[in-house]
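Below: one structure, written as structure tokens.
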Amino acid sequence: MTARRSALGSLVLGIALVPTLAGAQTRAADWDVPRTADGQPDLQGVWDFRTMTPLQRPRDQEKAVLTEEEAAELEQRAAERVARADAPSEVRAEPLPAGQPVGGYNNFWLDRGGRVVEDRRTALIVDLPTGRVPELQSGAIRQVGSLGEDLPSQRPVRYRSGGIYPDGPEDRGVSERCIVGFNSGPPLLPGGYNQNIQLFQTPDHVVVLSEMVHEVRIVPLDGRPHVPDSVRQWLGDGRGYWDGDTLVIESQNFSDQVASFNAGFTTALGTGTTLHLTERFTRVDEDTLRYEFTVDDPDTFTQPISGVLQLQQGTQPLFEYACHEGNYGMRNSLSGARAAELDELAENAGNPQ
């Protein structure tokens, strides 16, 4: 998380965008794209993708675009929620009942963003009239977890946070295992904290460094083919090219241990096996980078999913993200489960059926 922290909070993921990618911000006519020494558009720097605009349109929201007054009211209510959450906590004289979650973070650690997207769309999803994830194909995998109590599900666990009964570390979400960040994707999906990326460029490569879990994607631009289909990677195998002044990254060969799409921290849809992801990065002014993504997986979804958001240029450096370091939660979850099993065995031994 950068030291800069918004005074505004966020809503739960879920509003709706305009029905076409063309509805988002375009480049100012009087602005020239900065270029690298070899003539490529210069996209380098730290970019902040926070926004309180949700991934999907809330079911009770009928509008695709908010008025200025509605957006201002939404942001004001979010700011008031953050102010309440930042107030001193009530002193608890007694411990919580056994088994009740104590929570992992107070509001100080969260950095969700306090502004809707620039064009006031009500969701990040733009190409579907409902503003929501489309129907799944018959038989497609859907895993739903919880940030509280562990819920039964199938293995492997593909959602980002939560888990099933802790037999081993593989039964926890992939972000809890510090493998894939819960917001850094790909694709980028705002939420939580550490919502920054840094882009680096050379004539034949682009590097996407995510603040969350300090993941790095090194993407060739030289036209080489994708790795063989048998080679599977957590972040997929990306290949890039320039479409005019837009950087396009097409990724495939995702691991079957990740979802095709994560609709929130605890919902995993499909598997990465058949996912083809297209991302587009366009610098539209000195401080804004337009980001578009399209999830194309006909084995999982009845339609592709496309989204758009604007990234703002950051003013501070990224610091390395510590995830496993000092992470006693995983150890305690597993050791606690083993202790509970021993207690149950001892109880059963003393009370034979």
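Throughout, read-outs are computed from the coordinates displayed, never taken from laboratory work. Given the structure is predicted, the values throughout are model-derived calculations rather than measurements. When we count neighbours, we look across all protein chains shown, and the Cβ atoms used for this are built from the backbone with ideal geometry, even at glycine.
Helix 68-86 versus the longest principal axis of the chain: what angle, 0 to 90°, nearest 10, using Cα atoms?
Its long axis makes an angle of about 40 degrees.
What longest range of the chain stays clear of loop-exposed GluC sites (Glu not before Pro) (DSSP non-H/G/I/E/B, at most 15 other C-beta within 10 angstrom)?
150-285
Which of S335, S138 has the fewest other C-beta atoms within 10 Å, and how do the rest follow up to the most?
Going from least to most buried by this count: S138, S335.
What does the charge dipole of the chain about its Cα centre add up to, to the nearest 20 debye, if the Cβ of each Lys and Arg holds +1 and the Cβ of each Asp and Glu holds -1? List each step's numbers first, then the result.
Working: 32 positive and 51 negative charges, 56 e Å.
Roughly 260 debye, rounded to the nearest 20.
If you line up the Cα atoms of the stretch 90-200 on their principal axes, what length do they span on each, largest first, in Å?
49, 41, 35
If I take the Cα coordinates of the stretch 187-345 and project them onto the principal axes, what are the three extents in Å, biggest first?
66, 41, 27
For the chain, what are the per-bin percents of Cα-Cα distances with bins 10 Å wide, up to the bin holding the maximum?
5, 22, 32, 25, 10, 4, 1, 0, 0
Treating the angle as unsigned and between 0 and 90°, give the value, to the nearest 10°, between the Cα long axis of helix 328-350 and the longest Cα principal axis of the chain.
30 degrees
Only sites in a loop by DSSP and with at most 13 other Cβ atoms within 10 Å count here; which chymotrypsin sites (Phe, Trp or Tyr not before Pro) in the stretch 42-147 make the cut?
Filter output for the stretch 42-147: Y105.
Across 5 Å bins from 0, what is the distribution of all Cα-Cα pair distances for the stretch 272-353, in whole percents?
Taking every Cα pair in the stretch 272-353, the percentages come to 3, 10, 9, 8, 8, 10, 11, 11, 8, 6, 6, 4, 3, 1, 1.
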